[in-house]
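Visitor: Below is a structure I'd like to ask you about.
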Amino acid sequence: MSAPFSPPSGKTGPHAAPSRDVHARPGGAVHAPPRTAKVLIALLRKELLVELRTLESIPGMSLFAVTTFVVFHFALNQDTVSGQEAAGILWVSLLFAAMLGINRLFVADADQGGFDGFLLAPVDHTALLIAKALALLAYLLVLELIAVPAFGLLLLGPPLGQALPGLLAPLALGDIGVAAIGTLIAALAVRTRARDLLGPLLALPLLVPIVIGCARASAPLFSATRPAGPPLRWLGTLALYDLVFGLIAYAVFDFLLED
Amino acid sequence: MRRPSLRALSIATILALCVSLSLVFFYAPIEVEEGFLQKIFYLHVPLAIVTLCGFVIGGLCAIAHLRTRDQRWDLRSYVFIHMSLIFGVAVLITGSIWARGSWGHWWVWSEPTLVSFLIVMLLYATYQPLRFAIEDPERQARYASVFAITAGAFVPMNFLAVRLSASYLHPRVLGSSSNLPAPMALTFLASIVAIALLFATLCAYELAAKRTRILLKARSRILGYQS
């Protein structure tokens with residue numbers, strides 16, 4: 001990894017398994033490949049550390065979402081929104097902000113040799129997919145911690161407090177889907193000539209069902225007259241979609257990492 | 001395995017198209033509610049079915065490519081998806097004409113099948129830009145296969161999601177062939193066979209052209225020509 005990568009601590013490094021020292025070389029490194037969970041933790045730690053030190057994705061995504069709310073205010077010429085309109089504005093803004101994060105997800109690895117370093121390591125390649133997806137999930141959670149209150153403050157007519165408990169389920173399911181599809185598409189697009197263009201073009205149609213599910217599930221929460229809980233039918237559809245595309249990403253990701 | 005000859009395939013396609021078109025115009029009865037306009041159903045629906053099958057078969061060929069690493073499977077996957085894209089444009093145009101005729105608008109959002117089809121087309125429209133943005137031929141084939149598998153699985157999922165979201169405002173006209181009167185069902189079946197044959201023939205021609213081009217390139221490389 002070319003990115004800043006602090007030496008592994010005693011807990012996560014390859015030296016942590018004393019029972020394996022039958023295979024240990026004099027230097028202390030072991031022959032047996034490290035367990036996937038350890039690789040996963042190391043990769044995730046590296047992702048979050050890089051993001052904390054460079055602050056490349058999260059501030060940009062959050063600022064973009066808030067700016068989009070302002071743009072919507074002027075474009076619609078409305079001070080407050082409610083119902084399906086509110087759900088649509090929230091999800092379009094979150095989705096486009098997520099696209100910024102998706103586009104940047106693998107750029108450092110592709111440009112600065114991170115892929116090569118990872119491929120040289122004798123570890124399960126799926127760990128990279130899961131670590132990147134978890135990192136993207138974390139970015140999305142931080143984004144929503146900022147964007148959802150900002151949406152309540154700037155645009156939403158009915159009070160945010162009453163909608164918030166019901167909003168957690170669609171937000172979580174939507175985030176999981178965006179993270180799974182986004183990671184796959186980011187890996188697919190990053191080593192092409194026109195990656196900035198191809199990433200969103202590939203991801204948006206694949207994310208349409210998530211927008212449908214999330215917007216429909218959150219619309220009754222934002223109703224000005226008679227707020228209700230999210231319809232279970234939509235949460236079920238979202239969960240099914242997340243599951244299917246999680247499995248597909250898991251199945252095909254290895255083929256993107258062969259050279 | 002011997003491939004069916006292009007000439008036999010072409011003749012069969014032309015015959016099937018003639019038979020199905022004569023059935024459409026001279027045998028199938030005029031529908032009571034929609035009148036003559038309903039005849040576009042025998043073109044639009046088979047085209048849509050064949051297109052979607054082409055996308056899914058392209059995905060299956062991509063799975064075969066990733067499993068065997070045989071470049072011929074990638075070629076097949078590419079040709080199926082390419083041809084489906086061309087057929088898909090025809091589906092959107094005929095669907096639009098049908099919508100204009102029966103509902104008065106060129107585009108209706110309440111028809112879930114048409115909307116899903118548009119989303120699928122928007123996704124597959126990025127297949128070629130993605131493919132040709134990668135220089136290395138081996139990686140190009142691999143990435144295109146990954147896309148074809150993902151998109152192939154997206155086709156049924158997307159139809160499910162969009163159908164759920166649609167409120168059935170318009171009655172579905174002849175949505176399934178099970179409740180069709182017998183002459184209409186026969187005509188519909190003949191149309192599906194004809195369109196599927198047309199698809200297969202065009203794919204066979206494109207495959208033959210691509211194989212010939214690859215062969216020519218290899219030969220001229222052996223002979224030392226600059227391509």
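Residue by residue, here is whether (1) surrounded by 15 or more Cβ atoms within 10 Å (Cβ to Cβ); (2) among the hydrophobic types (A, V, I, L, M, F, W, C); (3) more than 15 Å from B:Tyr124 (Cα to Cα) holds:
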{"position": "B:Leu47", "(1), (2), (3)": "yes, yes, yes"}
{"position": "B:Val56", "(1), (2), (3)": "yes, yes, no"}
{"position": "B:Ala62", "(1), (2), (3)": "yes, yes, no"}
{"position": "B:Ile81", "(1), (2), (3)": "yes, yes, no"}
{"position": "B:Ala90", "(1), (2), (3)": "yes, yes, no"}
{"position": "B:Arg100", "(1), (2), (3)": "no, no, yes"}
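Visitor: Take the conditions more than 8 Å from every other protein chain (Cβ to nearest Cβ), out of contact with any helix residue (DSSP H, G or I) (no Cβ under 7 Å at 6 or more places or on another chain) and closer than 26 Å to B:Ala62 by Cα and apply them to A:Leu243. Does it pass?
Guide: Spelling it out, A:Leu243 is indeed more than 8 Å from every other protein chain (Cβ to nearest Cβ), out of contact with any helix residue (DSSP H, G or I) (no Cβ under 7 Å at 6 or more places or on another chain) and closer than 26 Å to B:Ala62 by Cα.
Visitor: Given (1) of a type outside the set (D, E, K, R); (2) free of Cβ contacts under 8 Å to residues at least 24 places away in the same chain; (3) in contact with a strand residue (DSSP E or B) (Cβ under 6 Å, 6 or more places away or on another chain), where does A:Ala172 come up short, assuming only one miss?
Guide: With (1) of a type outside the set (D, E, K, R); (2) free of Cβ contacts under 8 Å to residues at least 24 places away in the same chain; (3) in contact with a strand residue (DSSP E or B) (Cβ under 6 Å, 6 or more places away or on another chain) applied to A:Ala172, the lone miss is (3).
Visitor: Hey, could you check the range A:220-246 for residues that are among the small types (Gly, Ala, Ser) and in contact with a Leu (Cβ under 8 Å, 6 or more places away or on another chain) and say which is surrounded by the most Cβ atoms within 10 Å (Cβ to Cβ)?
Guide: A:Ala239
Visitor: Among the numbered conditions (1) more than 23 Å from A:Asp259 (Cβ to Cβ); (2) without any contact (Cβ under 8 Å) to a residue 24 or more places away in the chain; (3) buried (at least 16 other Cβ atoms within 10 Å of the Cβ), tell me where A:Pro158 comes up short.
Guide: Unmet condition: (2).
Visitor: From the set of residues in the range B:98-113 that are in a helix (DSSP H, G or I) and away from chain A (no Cβ under 14 Å), which is nearest to the chain's Cα centre (by Cα)?
Guide: Filtering the range B:98-113 for residues that are in a helix (DSSP H, G or I) and away from chain A (no Cβ under 14 Å), the one nearest to the chain's Cα centre (by Cα) comes out as B:Thr113.
Visitor: Same structure, new question: Search the range B:26-52 for residues that are in a helix (DSSP H, G or I) and pair each with any residue that is surrounded by 15 or more Cβ atoms within 10 Å (Cβ to Cβ) and of a type in the set (Asp, Glu) when their beta-carbon atoms are under 9 Å apart and the residues are at least 6 apart or on different chains.
Guide: Going by the 9 Å Cβ cut-off, the qualifying pairs are B:Leu37/B:Glu31; B:Gln38/B:Glu31; B:Lys39/B:Glu31; B:Phe41/B:Glu31; B:Phe41/B:Glu34.
Rundown of residues vs (1) closer than 15 Å to A:Val211 by Cα; (2) surrounded by fewer than 23 Cβ atoms within 10 Å (Cβ to Cβ); (3) facing chain A (nearest Cβ under 8 Å); (4) in contact (Cβ under 8 Å) with a residue 60 or more places away in the chain, yes/no style:
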| position | (1), (2), (3), (4) |
| --- | --- |
| B:Leu118 | no, yes, no, no |
| B:Leu122 | no, yes, yes, no |
| B:Gln128 | no, yes, no, no |
| B:Ile134 | no, yes, yes, no |
| B:Ser145 | no, no, yes, yes |
| B:Gly152 | no, no, no, yes |
| B:Ala161 | yes, no, yes, no |
| B:Ser165 | yes, yes, yes, no |
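Visitor: Being more than 17 Å from the chain's Cα centre (by Cα), surrounded by 16 or more Cβ atoms within 10 Å (Cβ to Cβ) and more than 20 Å from A:Leu143 (Cβ to Cβ) is the filter here; which residues of the range A:33-80 pass it?
Guide: Within the range A:33-80, A:Pro34, A:Lys38, A:Val39, A:Ala42 meet the criteria.
Visitor: Can you name the residue in the range A:205-233 that is at the interface with chain B (Cβ under 8 Å from one of its Cβ atoms) and either in contact with a helix residue (DSSP H, G or I) (Cβ under 6 Å, 6 or more places away or on another chain) or among the hydrophobic types (A, V, I, L, M, F, W, C) (or both) and is also farthest from A:Ala97 (Cα to Cα) among such residues?
Guide: Here the answer is A:Arg216.
Quick note: the coordinates plus some simple rules give every number you see, no bench work behind them. All figures in this text were calculated on a predicted structure; none of them were measured in a lab. Here Cβ is always computed from backbone atoms with ideal geometry, including for glycine, and neighbour counts include all displayed protein chains.
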